[in-house]
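Asks: Shown below is the structure under consideration.
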Amino acid sequence: MSEANDANRRDFLKTASGVGLGLGLASRAFGRGAKSSGRVIGANDRIQIAAIGVGGRGTYVSEKFAKFGESNNSCQIVAVCDVYEKRKRMNAEKHKAKGYSDYREVLARPDVDAVIVATPDHWHAKIALEAMDNGKDVYLEKPMCHTNEEIKQLVDTVRETKRVLQVGSQTTSGDQWWKARKAIADGMIGQVLMSQGSYHRNSIEGEWNWPIDPGAGPDGKGDDYIDWKTWLGPAPKRPWDADRFFRFRKYWDYSGGIATDLFYHVVSPLQICWGQAQFPYKVMGSGGIYVFKDEREVPDTYNLMAEYSAGHCLILSSSMANSQHIPGIIRGHEGTVVMVENGEFESPTDHITVKPEVVWNEKEKKRTGVTPEYEQKFGLDPIEIPVDLEPDMMTRHISNFLDCMRTRQKPHLDVETGARAQAVINLSVQSYREGRVLYWDEKEWKATTKPPAKV
């Protein structure tokens, strides 16, 4: 990282950590000399974990880590942090851990080896960056960040600090993606042409209309108190709004809606299937608010289209007002691999299917008079490849993260793979909001309206 980039990142972190906190904690320096390497974790050491942000998702993930740790003594939750007193108290009691309102106090604890970051999206990168500078490994809930600038900052900081960062899209630890990756690498579908997937659902809470606690807010007492100023952090300042706090995914200030919440579970496993994580070349997002005419800003129906320099494209669809999925598949010139027949990317499956392209094989036989090598190897019937269902995706993802903390290897959804998934998602959101096609300048790591040279 250049000195200029490092200085920019230090300024960014300093601003992010100080905005709206007002808790009298001195800002620390974020230069290279201030970084902590963290403790060396032995094979039999119990890893100490803190959960920052313990709303619905943070509560679930920390419970999963705790349960996994109880089963094999591999880890334990030692601290929780939230700006909502009720959530903080309940999770602290559940894990018999210390509760905090200020995440910086958590990061200052030398006995904390790793943090789970499960705050609203606009805080994800800020806390993860500070955590790594404090020598902590990071389990970072998807999406990994909120802005394009944060994508590169996270990648640079992982490289610089040599911390382990696992993006928390547990789908990527499912066995089907790795089996599809091998099938494609083995040439079973020929040249990759197109990937498709979806994420559809149709329910009140599935549409982010989570319950609102009526007494909670900045004027609440005891359990009802919410530090709204801190929660807003780097986002624009606004008066208290319960809908924005409890249903933040409906608003651009804190989320990218369908794209960042749901498509991350589709794009990131596809990046694994392709065999090499890739930045997009050209991206378009489309859709609209067709059904739910409430306070929301993000669309309830959304589509993403992207092209890649390697010579293939990506098509994704989603609606919060219809629950019918399309299959998750990758099309090649010589065949198609079906990873998710029912289209539910987060659901387990016991097999993937490779379907040969019959027409192509017949044309080749007529043209050359020789049975193509593909047909000689595999025949023309669909090929089912078994998938390992044990353990479940979440357990695999947690286990992989903890193993990598000990070995210092890259996890399943490492920062590089996560960054490339994040780029296509962020560009689609920007395209939708600006009403124009956008391109990704891979050299500069930024969006552009003009086609860059293909890398």
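The values are calculated or read from the model by the stated rules, or taken from the named source; none is laboratory data. Please read all numbers here as calculations on a predicted model, not as lab measurements. Positions of Cβ are backbone-derived with ideal geometry, glycine not excepted, and every protein chain shown enters the neighbour counts.
Asks: Against the conditions (1) in contact (Cβ under 8 Å) with a residue 24 or more places away in the chain; (2) more than 14 Å from the chain's Cα centre (by Cα), where does Ser268 fall short? Just the number, please.
Replies: For Ser268, the failing item is (2).
Okay, residues lined up against (1) in contact (Cβ under 8 Å) with a residue 40 or more places away in the chain; (2) touching a Pro at 6+ places or on another chain (Cβ under 7 Å); (3) on the phi > 0 side of the Ramachandran plot:
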{"residue": "Pro211", "(1), (2), (3)": "no, no, no"}
{"residue": "Asp219", "(1), (2), (3)": "no, no, no"}
{"residue": "Gly222", "(1), (2), (3)": "yes, no, yes"}
{"residue": "Thr230", "(1), (2), (3)": "yes, no, no"}
{"residue": "Pro239", "(1), (2), (3)": "no, no, no"}
{"residue": "Ala242", "(1), (2), (3)": "no, no, no"}
{"residue": "Asp253", "(1), (2), (3)": "yes, yes, no"}
{"residue": "Leu262", "(1), (2), (3)": "yes, no, no"}
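Asks: Does the range 407-414 contain at least one residue that is at pLDDT 90 or above, assigned to a helix (DSSP H, G or I) and outside the structural domain of Val337 (by TED's automatic domain parsing)? Step through it out loud before you land on a result.
Replies: Restricting attention to the range 407-414, the residues satisfying the condition of being at pLDDT 90 or above are 407-414.
Filter once more, keeping what is assigned to a helix (DSSP H, G or I): 407.
Subset that is outside the structural domain of Val337 (by TED's automatic domain parsing): 407.
The answer is yes; a qualifying residue exists.
Asks: So which residues in the range 306-346 are in contact (Cβ under 8 Å) with a residue 60 or more places away in the chain, of a type in the set (A, V, I, L, M) and closer than 24 Å to Gln170 by Cα? Spell out the reasoning first.
Replies: Step one: of the range 306-346, the residues in contact (Cβ under 8 Å) with a residue 60 or more places away in the chain are 306, 309-337, 339-340, 343, 345-346.
Subsequent filtering for residues that are of a type in the set (A, V, I, L, M) retains 306, 310, 314-316, 320-321, 326, 329-330, 337, 339-340.
Answer for the range 306-346, where residues must be in contact (Cβ under 8 Å) with a residue 60 or more places away in the chain, of a type in the set (A, V, I, L, M) and closer than 24 Å to Gln170 by Cα: Ala306, Leu314, Ile315, Leu316, Met320, Ile326, Ile329, Ile330, Val337, Met339, Val340.
Asks: Restricting the search to the range 125-163, which residues are under 24 Å from Ala108 (Cβ atoms) and among the polar types (S, T, N, Q)?
Replies: Once the filter is applied, which keeps residues that are under 24 Å from Ala108 (Cβ atoms) and among the polar types (S, T, N, Q), the range 125-163 yields Asn134, Gln153, Thr157, Thr161.
Asks: State all residues of the range 176-209 that are among the aliphatic types (A, V, I, L, M) and either under 11 Å from Ile330 (Cβ atoms) or part of a helix (DSSP H, G or I) (or both); if no residue qualifies, say none. Working first, answer last.
Replies: Of the residues in the range 176-209, the ones among the aliphatic types (A, V, I, L, M) are 180, 183-185, 188-189, 192-194, 204.
Those that are among the aliphatic types (A, V, I, L, M) and either under 11 Å from Ile330 (Cβ atoms) or part of a helix (DSSP H, G or I) (or both): Ala180, Ala183, Ile184, Ala185, Met188, Ile189, Val192, Leu193, Met194.
Asks: Among the residues of the range 121-136, is there at least one that is more than 14 Å from the chain's Cα centre (by Cα), under 18 Å from Thr417 (Cβ atoms) and surrounded by 24 or more Cβ atoms within 10 Å (Cβ to Cβ)?
Replies: Within the range 121-136, one or more residues are more than 14 Å from the chain's Cα centre (by Cα), under 18 Å from Thr417 (Cβ atoms) and surrounded by 24 or more Cβ atoms within 10 Å (Cβ to Cβ).
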